[in-house]
Ligand code: XMP
């Protein structure tokens, strides 16, 4: 296993995912984790992430000094490389030739880290500072036209620094560099493979739960469905679940999830049709935060009622949740900027039930959850759907949620997603969805003037939803989608494509 010390980079989770993709466990710890916190994992190596700060500041953030004396290899990436250089006696300067984006590095020697790479390789930079003078004992291993020490190492101490980012896709041989670090430098063991993890999860769930019973709410999203399926395999009849139909799901979603629930042969999963309740409580509400609150509370209310009435004869001790790794381990930067932009993540159940919380997927990333779902033989189409927010379509209807508006949005969204799937574009996108704007504009259809709604189409690429870029969509595909929506969805006469990044915009509209 490998420890990633997080200096607030938006890429820290990406580093951990790259390592896990190579079959090695990776855990993210705060940048100043103590020696004993690190060593209790018995890691084969440590990676220092990048970060937005500058080591040229007087109060620069740094790891514990003894991180370089643990007797295991250390790889510093970007800020991590600069902090290593500075703490060990080198000199870092603010860059005058600021290197950003794609660059070509020239390798000076084929050290272990760069085994199998060509003399010149494309890599990706994102920091202005650079290591001006190496600490003693270090050698320069790669450079670019403006950055002499683009990579450096101290072989005897197994310390490596790279000024560029091997974790991003623009660094073509990034995965090879990680693989060299893991298996050649650190001699790490492969201890993170989904089929074996499934077996481990099953046996530890059995052991933890024993004869007790577990309750769980199923939202229709991937995480809760995979968690429920895993639990069902582990404890069968001791699992009791409720699939809450909020009426805010996408077209055919309820039917698909219900079909899967039946197919999996769950013993006791109830389908609670609460769509009317949700709609009534949302009536007249326009404020996004108010909507989120109402939906969260209504969801809990429906779930609580089921627990209190339908499951009261069972010795329930646990409440299972589909929490995943990034929900638990926020990046250091995210923790610092604690002010919430939206009251996200889905309200916890009141504590008065006194249940112990069970989080079977707490150590997994989304793509690992999906692979686990495939191991559990859930259908790919369900597993690889784009993420969908808890409050559902309610936060994609700007303004009041009504049945008619839901209907319009569902139809437009279904056409959009159908075309994206048919053209193969769907897999290139992190999230794509339609939004209904509370505006009417004038149009002309045949000979008649129309005065109808606007649909906005959103499609973004992202690593984890924290930042996002708008997806460059082929024109002819956009045209086909727009034509179909205006022709087929009653009440819509105009379609817009959103070209805003996050930040400054958010992914969802509310
Ligand atoms: P924003 O709109 O904040 O979204 O850029 C970032 C990611 O979070 C999802 N999202 C939510 N998920 N409950 C959820 O479960 C929420 O209230 C919520 N709001 C946004 C959003 O879909 C995107 O993936």
Practice task
Could you identify the single residue in 361, 393, 372 that is assigned by TED's automatic domain parsing to the domain that holds residue 251, within 16 Å of the ligand (Cβ to nearest atom) and at pLDDT 95 or above?
Solution key: 361
Exercise for the section: Inspect all residues belonging to region 284-301 and state whether any of them is in contact with a strand residue (DSSP E or B) (Cβ under 9 Å, 6 or more places away or on another chain), modelled with pLDDT of 95 or more and not in a helix (DSSP H, G or I). Expected result: yes
Practice task
Search region 330-358 for residues being more than 16 Å from the ligand (Cβ to nearest atom) and either buried (at least 20 other Cβ atoms within 10 Å of the Cβ) or not assigned by TED's automatic domain parsing to the domain that holds residue 226 (or both), and hand back the single one that is modelled with the highest pLDDT.
Solution key: 358
Practice task
Give 94, 157, 86 a once-over and let me know the one that is surrounded by fewer than 18 Cβ atoms within 10 Å (Cβ to Cβ) and either modelled with pLDDT of 95 or more or in contact with a strand residue (DSSP E or B) (Cβ under 8 Å, 6 or more places away or on another chain) (or both).
Solution key: 157
Completion exercise
Counting only residues that are within 15 Å of the ligand (Cβ to nearest atom) and in contact with a strand residue (DSSP E or B) (Cβ under 7 Å, 6 or more places away or on another chain), region 487-510 contains a total of 6
Practice task
Scan region 388-401 and report the pairs whose first residue is closer than 12 Å to residue 285 by Cβ and touching a residue at least 12 places away in the same chain (Cβ under 8 Å) and whose second residue is assigned to a loop (DSSP other than H, G, I, E, B) and within 6 Å of the ligand (Cβ to nearest atom), with Cβ atoms within less than 8 Å and a gap of 6+ or a chain change.
Solution key: 395/389; 395/508
Problem - Within region 452-479, considering residues that are out of contact with any helix residue (DSSP H, G or I) (no Cβ under 8 Å at 6 or more places or on another chain), in contact (Cβ under 8 Å) with a residue 40 or more places away in the chain and away from the ligand (no atom under 16 Å from the Cβ), the one nearest to residue 495 (Cα to Cα) - result: 454
Handout entry: Qualifying position, being more than 22 Å from residue 45 (Cα to Cα) and over 27 Å from the mean Cα position of the chain (by Cα), among 118, 159
Key = 118
Practice task
Evaluate region 400-413: report whether one residue or more is within 28 Å of residue 288 (Cα to Cα), in a strand (DSSP E or B), within 16 Å of the ligand (Cβ to nearest atom) and touching a helix residue (DSSP H, G or I) at 6+ places or on another chain (Cβ under 8 Å).
Solution key: no
Exercise for the section: Output the residues belonging to region 462-496 that are at pLDDT 95 or above, assigned to a strand (DSSP E or B) and within 29 Å of the chain's Cα centre (by Cα). Expected result: 470, 495, 496
Exercise for the section: Tell me, please, whether a residue that is more than 30 Å from residue 167 (Cβ to Cβ) and either touching a helix residue (DSSP H, G or I) at 6+ places or on another chain (Cβ under 8 Å) or within 16 Å of the ligand (Cβ to nearest atom) (or both) can be found in region 426-434. Expected result: yes
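The values are calculated or read from the model by the stated rules, or taken from the named source; none is laboratory data. In this text, all values refer to a predicted model and were calculated from it rather than measured experimentally. Cβ sites come from the backbone with ideal geometry, for glycine too, and all protein chains shown count toward neighbours.
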